[in-house]
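Have a look at the structure below before the remarks.
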């Protein structure tokens, strides 16, 4: 959906900005994030959320202020794997993120993440 200036929704602009940031990056993390972002930008559910990078993770939030603590995210590894985590940060009880799945496919990682979002 486009606003009156033809710029799209706030989340669309956030995804465009994030994609440009990842594309311009020259480290192993942004290199690994590129394939995730390329696929995620075509997803109707994920593009309603704001994208964020936290260390080696692609995280999501409901607003521009930062990623949601309890929302699933995807960590990238130097070896090219995508690790789906059940949440971005440790819980208020001090429980750290737990691995949900490990895959070499960005599409599969995003499918797993979406299933976690629907819970």
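All of the numbers you see were taken from the coordinates with simple rules; none came from a lab. All values derive from a computational prediction rather than experimental measurement. Note that each Cβ is placed from the backbone with ideal geometry, even for glycine, and that neighbours are counted across all protein chains shown.
Side notes on the structure shown:
- Within the stretch 74-103, being under 18 Å from residue 29 (Cβ atoms) and out of contact with any strand residue (DSSP E or B) (no Cβ under 7 Å at 6 or more places or on another chain) holds for 78, 79, 80, 89.
- Qualifying residue in the stretch 18-28 (condition: closer than 20 Å to residue 79 by Cβ, touching a residue at least 24 places away in the same chain (Cβ under 8 Å), in a helix (DSSP H, G or I) and in contact with a strand residue (DSSP E or B) (Cβ under 6 Å, 6 or more places away or on another chain)): no
- Residues satisfying the stated conditions in the stretch 61-100, i.e. assigned to a strand (DSSP E or B), in contact with a helix residue (DSSP H, G or I) (Cβ under 7 Å, 6 or more places away or on another chain) and crowded, with 20+ Cβ neighbours inside 10 Å: 74, 76, 82, 84
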